[in-house]
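Below is one structure; the comments refer to it alone.
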Amino acid sequence: MQQMNELRRIDLNLLVILDALLAEQHVTRAAERLHLSQPAVSHALGRLRDLLNDPLLALTGGGLTPTPRALELQRPLADVLGRVQALLAPQGFDPGSAQRSFRLAMSDYGAASLLPALTRALREQAPGIDLEISQGSRETMLEQLQNGEIDLAAGVFPELPDNLRSASLFEEGFACLVDRNSLPA
């Protein structure tokens, strides 16, 4: 009971703001990401500092740097926010009756490799699903994923931030063919 009373005193929206601040390490960019004003995010950072009794982000020559306490909070915070999102999400997905649009980003090669079979399957199994396809660099696609601008990125991503999940779709090998008459004697 005491824990619930303590939670009632806390604005849980501050956790969403803290997550954006830790990801961006910049108040203005965090504000843009959250569609809030810069002063609102700055004020929230002040409240978070008081609440957690830590500066969380310290001003350095290169901008804002997370404190050790902030780095300690980053993964548990992402886990908690993910669980809250799952708690509030609809309890099932029926592709046959779903009416929704998914935003995908991929290269031209990815589109040529994946889209023909995907669109065929969608027409048969999920006719109410629309796809919006865009392309961009790996860095752009990762940024768009983290900002919620796209739902999925297909490509080769050697390194991913901890808050993104990935699955291997396929592996591919390349071969080079040359006409034997083209080879030097």
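The values are calculated or read from the model by the stated rules, or taken from the named source; none is laboratory data. None of the values given here were measured: they were computed from a predicted structure. All Cβ positions, even for glycine, are placed from backbone atoms using ideal geometry, and neighbour counts span all protein chains on display. Note: areas computed on protein heavy atoms with side chains; ligands, DNA, RNA excluded. Shrake-Rupley method; radii C 1.70, N 1.55, O 1.52, S 1.80 Å.
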Any chance you could give the angle, 0 to 90 degrees and rounded to 10, that helix 13-24 forms with the longest Cα principal axis of the chain?
-> 50
Per-residue SASA entry for S107, accessible area with 1.4 Å probe, Å² rounded to 10 | 50
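With the full set of protein chains in place, find how many percent of the accessible area of the stretch 22-121 is carbon and sulfur; take the probe as 1.4 Å.
Details: 3740 of 6460 Å².
Taking all protein chains in place, the stretch 22-121 shows 58 percent carbon and sulfur surface.
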antiparallel share of DSSP beta bridges within the chain, to nearest 5, in %, is 30
Solvent-accessible area per residue for the stretch 52-185 at a 1.4 Å probe radius, Å²?
-> 76
From the coordinates shown, semi-axes √(5λ) of the Cα gyration tensor in Å corresponds to which of [x] 41, 24, 14; [y] 36, 19, 13; [z] 22, 21, 17 | [x]
Enter the accessible area of E132 (Å², nearest 10), with the probe set to 1.4 Å and all protein chains included.
-> 100
Rg to Rh, two decimals, where the stretch 1-96 supplies the alpha carbon set and Rh follows Kirkwood | 1.04
Hey, what angle do you get for helix 138-147 against the long axis of the chain, alpha-carbon based, 0 to 90 degrees rounded to 10?
-> 40
For the stretch 78-128, the fraction of alpha-carbon pairs in successive 5 Å shells from zero, as % | 5, 15, 17, 18, 16, 15, 13, 2
Whenever you get a sec, line up L177, L114, L87, L48 from highest to lowest accessible area (probe 1.4 Å, protein heavy atoms).
-> L177, L87, L114, L48
Can you figure out the FRET efficiency of L81 with L59, using R₀ = 30 Å and their beta-carbon distance, to the nearest 0.05?
-> 0.75
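Just need the relative contact order of the stretch 37-153 here, percent rounded to a whole number, with Cα pairs under 8 Å and 6+ apart.
22
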Among the Cα-Cα pairs of the stretch 9-49, the proportion with separation greater than 11 Å, in percent, is 56
